[in-house]
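Engineer: Take this structure first; my questions come after.
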Amino acid sequence: GKWEEFAQINIADNTPSTLRFQFVDSDNNQPVELTKFVITIFDIDEQTDSSIQSEHVCVNIEDIHDVITAAGSLNDLGSLAAITSDYNSKALNIELVQQSCQGGLGASYRVHSTQPGWTCDNPTDPLDLSPVSCEECEEFCTEGREQYFPVYRDLRAVMFAYAGPRSEFDITFEVICQAGSGRCSSDDNPRGRNFIFGGRSALCEWPTPAPTQFEWDVCAYTDQDLEIEGAEIIINNLNFQGPDSNADGVLRYRDVVPNAPGGQQIDLVVSVATGSDYRLADPSFNGKWEQFAQINVRDNEPSTLQFQFVDSNTNEPVELTRFVITVFDIDQQLDSSVQRETVCVDADDVYDIIAAGGSLNEMGSLEAITTDYNENSVIIELVEESCQGGSGRSYRVHSTQPGWICDNPTDPLDLSPVTCEDCDCKDNQKQYYPISRDLRAAMFAYSGPTSSFEITFEVICEASSDRCSNDDIPRGRNFIFGGRSALCAWPIQAPTTVPTLLIPEISLISVSVFDQIGQAIVFDAADDISANEEISFEIIIESNKALEFNIKVNLCLAAQNGADDPCALSVGTVMDVTTTLNQGLTTIIDSYDLEVLDLEPRDDYRFVIFVTPEDHQRRLQSSLLEGDINLEETTRFYTGLFSILFPTTIAPSVVFIPSTGETLMPTSSPAPTSSPAPTS
């Protein structure tokens, strides 16, 4: 079976036993292949008179990748002597034998004990093989045995490494007794020794694993929240036991997720899980208590209940993510043998457990969040079976302190202590006050997405039959639960405000106007613009982040007459150019045909560029006086919604027209310096 943290197998004298170890799926018994794993055999020792009993272990060479002892790795050191007797005269003896462990073809490593041992020197932790002194083995370290102490437990262990993939391996165990028949095992007097084994051991200095980084800090936020306070009970007939009749055998709460995605209305439906039963003591207790859901459970009737989220209108399951369920007021009778409460969740279902001492994910142990934090806390244990007794693991939360109705919480976010005066307590109850209600709660975090989960509730009664529930007098206790609780110091949510638009920076890098053959055109007062030309333009804009809105670029032709709005006397407007700005450079290319414009003969036309967010009326205008704009010095204009950088060479021609209609002219800019040619 087991010895402390090890597996243990007993072998009779002189009966070498080759045992097969196989890994199988817990559910379907199918073989499962593993890779790169180790098996350690511990405490390979013998009787003080080695002729009576000595221990031997054998593995076939072809099965293993390496052998490790206290001295190191066979692969690294190169010889069996180097990892045994050359390292320490008290080490195990390992020999290479040119036959298999069962005597056939092949080769094997055979490990032999060399030192006596007693129960007191057996290791209890595979990662602690520290020496055992004579004083620690006082019962066995009698006169004449002092020479064997201290016992170096690392010298009595061997670790076999398997590269795999493989689902099974064989190990041969043997207890050799060479004494007379009266001192070895016989049919009348069977004798043998125990072999203990496990996985990793202190024979290696294993690297300290990095702390697990958990994606979700449960106490920082949740995606959805369960709220029972305002929920309506529309069916109350769990397992057809009332108090409602002629209804489905469920307990159903209406609209329990106020922050459901898309405003969806979601119900919580409680039913009996497959493979379980449910019996209550008093149906009138089922439903709600203050701001909590409440379920009554009869003594010694463990009940696994399924909690499912469904659409209020369609009854279809609804998956939630990152939500919590808290079970409150886990307590017991003053005489705990009469009634004590237990809550169980399967370990695979939950992402984290939070108790008064903190988060299991953060603290790393169940004791750290419960009894190490406060001795009056609930106890949480990890059990190697599911809540219904099948394969798997489960967390079981046990009450440790008595409670009364007066200490029941009424608000999930208030688990402050209750004093003796608050409960008008009796003399025999005073020692239990004040009652720290946070020590009697456990919060389970579900990362999802999931539409359902299961919790098992149990009231254990070990008293005489007349004090526990029976057919004549049904007895039980109430379990109350909800969503968020005071076990977390939830961040205070800021008041709802209109979201602030992040202000991106947009740079107008260059604007070029081309004729039909792609040559840049420079316009000035001497130019004669024909009404029958097609003009193409290219605008390169740079943004420091991707914009969530489109940018509208208008190009118009205007008379340079000093008007506040350069396009107020526009003789025509080119079609809008709309694009979404991504982070980096965005190039806008378009063209228009001047023959559609009714141009007057004049010599002061100029091109004007408008860059405007579609959802805002403010606009910034830039007059194009030359084919390419200076890229060097810039002037920044802020509108409150976004900013644009304009070269100073055109600053005197830039006009900002706020939505109020007020016109702001930029201040004078220094004379432009010569600029390099634009970068492609």
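Engineer: Can you tell me how many residues within segment 7-25 are of a type in the set (Ser, Thr, Tyr) and assigned to a strand (DSSP E or B)?
Structural biologist: Number satisfying all stated conditions: 2.
Engineer: So Thr142 clears everything in (1) part of a loop (DSSP other than H, G, I, E, B); (2) touching a Leu at 6+ places or on another chain (Cβ under 9 Å); (3) of a type outside the set (Gly, Ala, Ser) except one condition, right? Which one?
Structural biologist: Result: Thr142 fails condition (2) only.
Engineer: Which residues, taken from segment 10-23, are exposed (fewer than 14 other Cβ atoms within 10 Å of the Cβ) and among the β-branched types (Val, Ile, Thr)?
Structural biologist: Thr15
Engineer: For segment 50-92, give me the residue count where each residue is within 18 Å of Thr172 (Cβ to Cβ) and surrounded by fewer than 15 Cβ atoms within 10 Å (Cβ to Cβ).
Structural biologist: 1
Engineer: Out of Ala179, Ala220, Ala163, I need the residue that is touching a Ser or Thr at 6+ places or on another chain (Cβ under 6 Å) and touching a residue at least 60 places away in the same chain (Cβ under 8 Å). Which one?
Structural biologist: Of the residues listed, the single one that is touching a Ser or Thr at 6+ places or on another chain (Cβ under 6 Å) and touching a residue at least 60 places away in the same chain (Cβ under 8 Å) is Ala179.
Engineer: Out of (1) surrounded by fewer than 17 Cβ atoms within 10 Å (Cβ to Cβ); (2) under 29 Å from the mean Cα position of the chain (by Cα); (3) in a strand (DSSP E or B), the odd one out for Ile233 is which?
Structural biologist: Exception for Ile233: condition (2).
Engineer: All but one of (1) open to solvent by 30 Å² or more (accessible area, probe 1.4 Å); (2) modelled with pLDDT under 95 hold for Arg484; state the number of the condition that does not hold.
Structural biologist: (2)
Engineer: If we scan segment 240-252, do we find a residue that is surrounded by fewer than 21 Cβ atoms within 10 Å (Cβ to Cβ) and within 29 Å of the chain's Cα centre (by Cα)?
Structural biologist: No, segment 240-252 has no match at all.
Engineer: Quick check on segment 24-34. Is at least one of its residues over 28 Å from Phe149 (Cβ atoms) and open to solvent by less than 30 Å² (accessible area, probe 1.4 Å)?
Structural biologist: Within segment 24-34, none of the residues are over 28 Å from Phe149 (Cβ atoms) and open to solvent by less than 30 Å² (accessible area, probe 1.4 Å).
Engineer: Starting from residues that are open to solvent by less than 20 Å² (accessible area, probe 1.4 Å) and small (Gly, Ala, Ser), keep the ones in segment 330-357 and report whichever is nearest to the chain's Cα centre (by Cα).
Structural biologist: Ala347
Engineer: List the strands (runs of 3 or more DSSP E) that sit entirely inside segment 255-299 and contain at least 2 residues that are open to solvent by less than 40 Å² (accessible area, probe 1.4 Å) and in contact with a helix residue (DSSP H, G or I) (Cβ under 8 Å, 6 or more places away or on another chain).
Structural biologist: Per the criteria, 266-272, 292-298.
Engineer: Which ones in segment 104-153 are under 26 Å from Gly199 (Cβ atoms), without any contact (Cβ under 8 Å) to a residue 40 or more places away in the chain and open to solvent by less than 20 Å² (accessible area, probe 1.4 Å)?
Structural biologist: Of everything in segment 104-153, those that are under 26 Å from Gly199 (Cβ atoms), without any contact (Cβ under 8 Å) to a residue 40 or more places away in the chain and open to solvent by less than 20 Å² (accessible area, probe 1.4 Å) turn out to be Val132, Val151.
Engineer: In addition: Would you pick out the residues in segment 238-254 that are part of a loop (DSSP other than H, G, I, E, B) and either touching a residue at least 40 places away in the same chain (Cβ under 8 Å) or among the basic types (Lys, Arg) (or both)?
Structural biologist: Listed by number, the residues that qualify are Gln241, Gly242, Pro243.
The values are calculated or read from the model by the stated rules, or taken from the named source; none is laboratory data. Computed from a predicted structure; not experimentally measured. When we count neighbours, we look across all protein chains shown, and the Cβ atoms used for this are built from the backbone with ideal geometry, even at glycine. Heavy atoms of the whole protein, side chains included, go into the accessibility calculation; ligands, DNA and RNA do not. Shrake-Rupley method; radii C 1.70, N 1.55, O 1.52, S 1.80 Å.
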